[in-house]
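Q: Structure provided below as structure tokens; questions to follow.
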Amino acid sequence: MARIMIVDDSPTDAHVLSTMLEKNGYSTVLAADAREGIELARREKPDLILMDVVMPGLNGFQATRELTSDPETAGIPVIIVTRKDQQVDRVWGMRQGARDYLTKPVRENTLLTLIHQALAA
């Protein structure tokens, strides 16, 4: 099954996401902030990245833009998973190269559907 990297500075949110994914057969890699997520993505080459937005230092929009514009990581789909639920945030996230945008709290079936679609594309 696919390996999914979760980039989230909230240990609780990261745990909720990893539990959902692992019980559905995915393996997970965790990064506690965007800079670590970029470094891990380059080294580990996950099949997909779930990216939070609001994090200290580099935010998830900036990290998504960096990942999707780097030839080394551009092929890894990024789904933004955040509490930022304004339409302008969604549009901005997609403009940074995200494959999809999901707001927290995450519904398991919605998350799994988006992951399946992103991996199949």
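Q: Restricting the search to region 51-74, which residues are closer than 20 Å to H15 by Cβ and either crowded, with 16+ Cβ neighbours inside 10 Å or within 14 Å of the chain's Cα centre (by Cα) (or both)?
A: Selection gives M51, D52, V53, V54, M55, G60.
Q: Quick check: anything in region 29-50 under 12 Å from the mean Cα position of the chain (by Cα), among the charged types (D, E, K, R) and buried (at least 17 other Cβ atoms within 10 Å of the Cβ)?
A: Checked region 29-50: at least one residue is under 12 Å from the mean Cα position of the chain (by Cα), among the charged types (D, E, K, R) and buried (at least 17 other Cβ atoms within 10 Å of the Cβ).
Q: Something else: Could you tell me which residue of region 107-121 is nearest to V54 (Cα to Cα), considering only residues that are touching a residue at least 40 places away in the same chain (Cβ under 8 Å) and buried (at least 18 other Cβ atoms within 10 Å of the Cβ)?
A: Among them, the one singled out is L111.
Q: Okay, next question. Please go through region 2-19 and pick out each residue that is surrounded by fewer than 17 Cβ atoms within 10 Å (Cβ to Cβ) and among the hydrophobic types (A, V, I, L, M, F, W, C). First the steps, then the outcome.
A: First, the residues of region 2-19 that are surrounded by fewer than 17 Cβ atoms within 10 Å (Cβ to Cβ): 2-3, 10-12, 15, 19.
Hit for region 2-19 is A2, nothing else.
Q: Of all residues in region 80-121, which are at pLDDT below 95 and touching a Lys or Arg at 6+ places or on another chain (Cβ under 6 Å)?
A: Hits for region 80-121: nothing passes.
Q: Which condition breaks for R99 when tested against (1) among the charged types (D, E, K, R); (2) more than 13 Å from I49 (Cα to Cα); (3) crowded, with 18+ Cβ neighbours inside 10 Å?
A: The single condition R99 does not satisfy is (2).
The values are calculated or read from the model by the stated rules, or taken from the named source; none is laboratory data. Values in this document were obtained by computation on a predicted structure and should not be read as measured data. Backbone-built Cβ (ideal geometry, glycine too); neighbour counts: all protein chains shown.
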